[in-house]
Amino acid sequence: MKFPEPAPGLVIRYSFLWKEDYDKGKYEASKDRPCAVVLAAKVKDTTAIQVVVVPITHSQPDQADRSASLEIPAAIAKSLGLDGGRHWLRLTQLNRFIWPGYDLRVRPDDPGRVDYGFIPEAFFNQIKAAIIAENNRRRLSFTPRDEQP
């Protein structure tokens, strides 16, 4: 299978590992899910590309932690081919890995693809601003996916 070029805004199917699970010593995620690429950067002095993704979930955020999530507008979710439910990006939980890594997964509805397409630029700019705000609050957690704990 040919993988797409990783770029900010690309939504992929990925085996996302939550920070709480990583801290418990797990290195395999319990579920594959759509995730949005928020950063794709060449690793210095190599041809490798490091990618950072945030998960997309159906779980509504807790009222006390609303700033850590951003709801995907229904029209965008539909254009990506996500199901008809509500979807939230969890902005403080990030996985990083070298592309394409071991944890990309094929889409259940299209086994020839690992991507859903791109988030529109205006909405991606909202995501980026929200992640920067959470970073300023020192609330981001990066889970490395290239090595086992």
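The values are calculated or read from the model by the stated rules, or taken from the named source; none is laboratory data. Computed from a predicted model, the values in this text were never measured in an experiment. Neighbour counts run over all protein chains shown; Cβ positions are idealised from the backbone, glycine included.
Looking at the range 40-54 only, could you name the residues that are without any contact (Cβ under 8 Å) to a residue 40 or more places away in the chain and within 21 Å of Phe3 (Cβ to Cβ)? Before the answer, list the steps.
Keep residues of the range 40-54 that are without any contact (Cβ under 8 Å) to a residue 40 or more places away in the chain, which gives 41-42, 44-47.
Scanning the range 40-54 gives Ala41, Lys42, Thr46, Thr47.
Glu147 falls short on exactly one of the conditions (1) modelled with pLDDT of 95 or more; (2) out of contact with any helix residue (DSSP H, G or I) (no Cβ under 8 Å at 6 or more places or on another chain); (3) under 26 Å from Thr47 (Cα atoms), and that condition is (1).
With the condition kept exactly as written, say whether any residue in the range 63-73 is assigned to a loop (DSSP other than H, G, I, E, B), farther than 12 Å from Cys35 by Cβ and modelled with pLDDT of 95 or more. Yes, the range 63-73 contains a residue that is assigned to a loop (DSSP other than H, G, I, E, B), farther than 12 Å from Cys35 by Cβ and modelled with pLDDT of 95 or more.
Mind checking which residues of the range 92-130 are aliphatic (A, V, I, L, M), over 17 Å from Trp18 (Cβ atoms) and in contact (Cβ under 8 Å) with a residue 12 or more places away in the chain? Show your work before the answer.
Our first condition is that a residue be aliphatic (A, V, I, L, M); within the range 92-130, this holds for 94, 98, 104, 106, 114, 119, 122, 127, 129-130.
Next cut, over 17 Å from Trp18 (Cβ atoms) only: 98, 104, 106, 114, 119, 122, 127, 129-130.
Result: Ile98, Leu104, Val106, Val114, Ile119, Ile127, Ala130.
Could you say whether any residue in the range 15-32 is surrounded by 12 or more Cβ atoms within 10 Å (Cβ to Cβ), in contact with an Asp or Glu (Cβ under 6 Å, 6 or more places away or on another chain) and either over 20 Å from Ile132 (Cα atoms) or at pLDDT below 95 (or both)? Looking through the range 15-32, at least one residue is surrounded by 12 or more Cβ atoms within 10 Å (Cβ to Cβ), in contact with an Asp or Glu (Cβ under 6 Å, 6 or more places away or on another chain) and either over 20 Å from Ile132 (Cα atoms) or at pLDDT below 95 (or both). Being among the small types (Gly, Ala, Ser), modelled with pLDDT of 95 or more, out of contact with any Pro (no Cβ under 7 Å at 6 or more places or on another chain) and surrounded by 13 or more Cβ atoms within 10 Å (Cβ to Cβ) is true of Ala130. Taken over the range 1-39, the residue count meeting the criterion of being farther than 22 Å from Gly112 by Cβ and assigned to a strand (DSSP E or B) is 2. If I filter the range 89-143 down to residues being among the aromatic types (Phe, Trp, Tyr) and in a loop (DSSP other than H, G, I, E, B), which single residue comes out as nearest to Lys24 (Cα to Cα)? By that ranking, first place goes to Tyr102.
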